[in-house]
Structures are given as structure tokens and as C-alpha cells.
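*Asks:* The structure follows.
Every read-out reported here was derived from the displayed coordinates using simple, explicitly stated rules and does not represent laboratory data. Since the structure is predicted, the reported quantities are computational estimates derived from the model, not experimental observations. Cβ coordinates were reconstructed from backbone atoms using ideal geometry, including for glycine residues, and neighbour counts include every protein chain displayed.
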Amino acid sequence: METLTLMLGAGWASGINLYATLFVLGFAGTTEMVDLPPDLQILSHPLVLGAAALMYGVEFFADKIPGVDTLWDGLHTFIRIPAGALLASGAVGGGDAGMAWHLAALIVGGGLATGSHAAKAGTRVLINTSPEPFSNWTASVSEDAMVFSGLWLAMTHPAVFLVLLAGFILLLLWLLPKIWHGIQKVFAAVGRVFGLRMDVDKPPDDAAAGG
């Protein structure tokens with residue numbers, strides 16, 4: 001159970017805030033809150049902990065500036081998802097776990113990281129349409145709190161974490177199509193400003209027939 005929740009928690013949390021995830025896991029290993037698997041024990045090294053803390057500090061401020069947070073999320077699409085997959089794979093143990101377990105963890109961890117990252121990045125695009133910055137700050141602080149509390153639950157109350165993660169996945173399946181449709185509307189509005197027509201309410205063939 002502990003191995004399963006550590007694997008799922010690492011993949012899920014990495015998609016939201018990778019550097020917070022690295023720091024929490026490393027700190028938990030250092031304080032012996034959790035016995036990290038051999039492949040993740042490197043996270044407890046002071047150099048890795050320092051680097052994770054530094055990058056978390058950078059993200060803490062970048063994540064609260066409208067527009068900058070979206071650019072940051074875009075760049076981290078290529079960092080959070082692979083890292084989440086690798087952390088999940090490392091969580092299943094050393095070489096004794098078998099290649100099949102590591103590959104399964106890579107797939108599941110990468111999938112969870114992709115889903116949580118898509119929800120975070122897509123929601124931020126919609127939030128940034130608001131002229132006031134407070135909703136952005138609230139979202140950022142809430143995301144950080146969710147990562148810290150979620151990983152703590154994964155390490156101390158595995159059953160509770162699994163129930164909440166199942167609820168998150170169900171919410172994600174319902175929410176992502178709505179987020180995507182909202183993003184399309186944002187891009188369509190931007191396109192109209194520059195004289196471009198982007199009809200997101202009709203399929204391309206219907207729009208062409210109507211034109």
C-alpha cells in the first residue's frame with residue numbers, strides 16, 4: 001500500500017508542482033518520515049534538496065504573475081510529465097521490482113502527471129482572463145497546499161489518499177473537456193482582436209458550409 005501510494009502521489013503531485021514534490025520527498029526521507037526506495041534516496045542529498053528548494057522559490061513567485069505562470073507551465077510541460085513518470089518508477093523499488101513494474105509505474109505516473117498538469121495549466125489560462133490578480137494568487141497557494149497535503153497523506157494515510165485521488169481523477173475526467181472548450185473560447189477572442197475568425201462552437205465542416 002505504501003509503495004502504491006508513493007508511486008501515485010509522486011506522479012500526481014509532479015504535474016502540479018515538481019519542485020515542491022522533490023523537496024517534500026527528499027525532506028521526508030531525510031527526517032525518516034518515510035523510508036524512500038533506493039532509486040529515490042538521492043532526493044535526500046543536501047545538494048538535491050537545496051536545488052529543489054531554490055527552484056520551488058522561483059516557481060513560487062513566477063506562478064503568481066498572470067501570463068508568466070502560463071509561460072512557465074508551457075515550458076514545464078516537457079519537465080513535469082517525464083519527471084513524474086521517473087519518480088513513479090523510482091517509487092516501486094530497485095531492480096528487484098522487475099522491468100514490468102517499472103514500466104507500469106512509468107505509464108501510470110506519466111499519465112497522472114499529464115492529467116494534473118493539464119488541469120493546472122488549463123485552469124490558469126482561464127483565470128488569467130480576469131483583470132485582477134487575486135484569483136491567480138489564490139489558485140497558486142491552493143495548488144501548493146494541495147501538493148504538500150496530498151503527499152503527506154500519501155505517506156501517512158495511504159487509504160485516505162487513494163480515496164481522494166480516485167475522486168480527483170473522476171473530477172478531472174469531467175473537468176478537462178470544459179477547460180479545453182474554455183481555452184478555445186479564449187483563443188477565439190484573442191483571434192478576433194487580431195482580425196482572425198475562430199469558431200469553436202461549430203465543427204469545421206458546418207462552419208464551411210454556412211460560409
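*Asks:* Rank the residues E2, E59 as a footprinting-exposure proxy: fewest other Cβ atoms within 10 Å of their Cβ go first.
*Replies:* E2, E59
*Asks:* Still on this structure, I have one more. Test of understanding: in a Gaussian network model of the chain with alpha carbons linked when under 10 Å, which of V58, V92, V108 would top the mean-square fluctuation ranking?
*Replies:* Residue with maximal mean-square fluctuation among V58, V92, V108: V58.
*Asks:* To the nearest 10 degrees, how steeply does helix 99-127 sit against the main Cα axis of the chain, on a 0 to 90 scale?
*Replies:* 40
*Asks:* Rounding to the nearest 10 and keeping the result within 0 to 90°, find how far the Cα-based axis of helix 2-16 lies from the longest principal axis of the chain.
*Replies:* 30
*Asks:* Within segment 1-109, list the chymotrypsin sites (Phe, Trp or Tyr not before Pro) lying in a DSSP loop whose Cβ has at most 11 other Cβ atoms in a 10 Å radius.
*Replies:* Here no loop site has a sparse enough neighbourhood.
*Asks:* In addition: May I ask you to evaluate 6.51 cos²θ - 1.76 cosθ + 1.60, the Karplus curve with θ = phi - 60°, for each residue of segment 44-54 and list the ³J(HN,Hα) values in order in whole Hz, giving x for glycine and proline?
*Replies:* Each residue's phi maps through the Karplus curve to give 7, 5, x, 5, 5, 4, x, 5, 5, 5, 4 Hz.
*Asks:* Could you run the Debye sum over the Cα atoms of the chain, one equal point scatterer each and no solvent, and tell me log10 of I(q)/I(0) at q = 0.09, 0.11 Å⁻¹, two decimals?
*Replies:* These q points yield log10 I(q)/I(0) values of -0.40, -0.57.
*Asks:* Which of these, I65, I179, I16, has the largest mean-square fluctuation under a Gaussian network model of the chain (Cα springs below 10 Å)?
*Replies:* Between I65, I179, I16, it is I65 that shows the largest mean-square fluctuation.
*Asks:* Quick one: I81, I169, fewest Cβ neighbours within 10 Å first, how do they rank?
*Replies:* I169, I81
*Asks:* If the only charges are +1 at each Lys and Arg Cβ and -1 at each Asp and Glu Cβ, what is the size of the charge dipole of the chain around the Cα centre, to the nearest 20 debye? Let's see the in-between values first.
*Replies:* Working: 9 positive and 16 negative charges, 113 e Å.
Once rounded to the nearest 20, the dipole reads 540 debye.
*Asks:* On a 0 to 90° scale, report how tilted helix 18-30 is relative to the longest principal axis of the chain, with both axes built from alpha carbons and the result rounded to the nearest 10.
*Replies:* 10
*Asks:* Pick from G84, G57, G98 the residue whose mean-square fluctuation is largest in a GNM of the chain, springs joining Cα atoms under 10 Å.
*Replies:* Of G84, G57, G98, the most mobile in the Gaussian network model is G98.
*Asks:* Turning to a different aspect of this structure: Would you work out which of V48, H181, A91 lies farthest towards the positive end of the dipole of the chain, given +1 charges on the beta-carbon of Lys and Arg and -1 on that of Asp and Glu, about the Cα centre?
*Replies:* H181
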